[in-house]
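Colleague: Dumping the structure here so I can ask a few things about it.
What follows draws every value from the coordinates through simple rules; no lab data is involved. Predicted model only: the values in this text are computed from it and were never measured. All Cβ positions, glycine included, derive from the backbone under ideal geometry; neighbour counts span all protein chains shown.
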Amino acid sequence: MYPVAFSLSRPERSSRLLLLFRFIMIFPLGLWNAFYAMFIGVVLFVDFWIVVISGKSPRPLWILLEHYFRFLIQLISYSWILSDRYPPFHGSPETGYPVQVVISYSENLSRLSVFFRILLVIPHLFWSIVYGMTIGFVQFLNFWAVLFVGRMPTVFWGFIHRYFIYSSRLQAYLLLLIDEYPPFHGMQPLSMEELFTTT
């Protein structure tokens, strides 16, 4: 199984009033993310060279990157109306949040893969542009659907949910959290309950 797995619960109802103000509510999180990302950029730079030299990612640095990754995906899930609950400003595991992620820590990483990682993801950059444009149109339709009926339609949830998983796996790969090359889809095992109840 791929070393990054997600658990998302589709909101039964979404607040239409809060949806109208969602972009304003995201502003403090976006501002915090700007400072958080600068710090993580330094951590990632240090981790990159340690892995290239030693082939190992120090656990403390990996945890810092993991926490930022969790914060980022919760921010994105809220922005994309995948979650109706305001995300926390930290990236620590929180069992009550409707968006959860499990990442398998691997101390040993391929030095060659890490060194050429930017080149390796070039196919994904082209694919994510095409994929993202499609999802952007779906998001536009989804916004109005939620605004009028107060709930994300199942068909829109499927499209956006899969793209969220795809893009999040790519982000985890770029953050050196994993060594496995991300697939070009957002499919997961059909049953995730056991994974998230045993971790």
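Colleague: Rounded to the nearest 500 deg cm²/dmol, what is the calculated helix-only ellipticity per residue at 222 nm for the chain, with -39500 (n - 2.57) per DSSP H run of length n ≥ 4?
Modeller: Dividing the helical sum by the residues of the chain leaves -20000 deg cm²/dmol.
Colleague: Any chance you could get the radius of gyration and Dmax over the Cα atoms of the chain, in Å?
Modeller: According to the Cα coordinates of the chain, Rg and Dmax are 17.2, 55 Å.
Colleague: Also, quick follow-up: Compute the FRET efficiency between Trp32 and Phe137 as 1/(1 + (r/R0)^6), taking r as their Cβ-Cβ distance and R0 = 25 Å, and round to the nearest 0.05. Numbers along the way, then the final one.
Modeller: Details: r = 29 Å, r/R0 = 1.17.
Calculated value: 0.30.
Colleague: How much length would be gained if the chain were fully extended between Met1 and Phe126, taking 0.36 nm per residue of separation minus their Cα-Cα distance, in nm to one decimal?
Modeller: This chain segment gains 42.5 nm when fully extended.
Colleague: Would you mind checking the tilt of helix 122-149 against the longest principal axis of the Cα atoms of the chain, expressed as 0 to 90 degrees and rounded to 10?
Modeller: It works out to around 20 degrees.
Colleague: In degrees from 0 to 90, rounded to the nearest 10, what is the angle of the helix 22-54 Cα long axis to the longest principal axis of the chain?
Modeller: So the helix axis and the longest Cα principal axis differ by about 20 degrees.
Colleague: Mind pulling the angle between the C-alpha long axis of helix 59-79 and the longest principal axis of the chain? Nearest 10 degrees, somewhere in 0 to 90.
Modeller: Once rounded, one gets 20 degrees.
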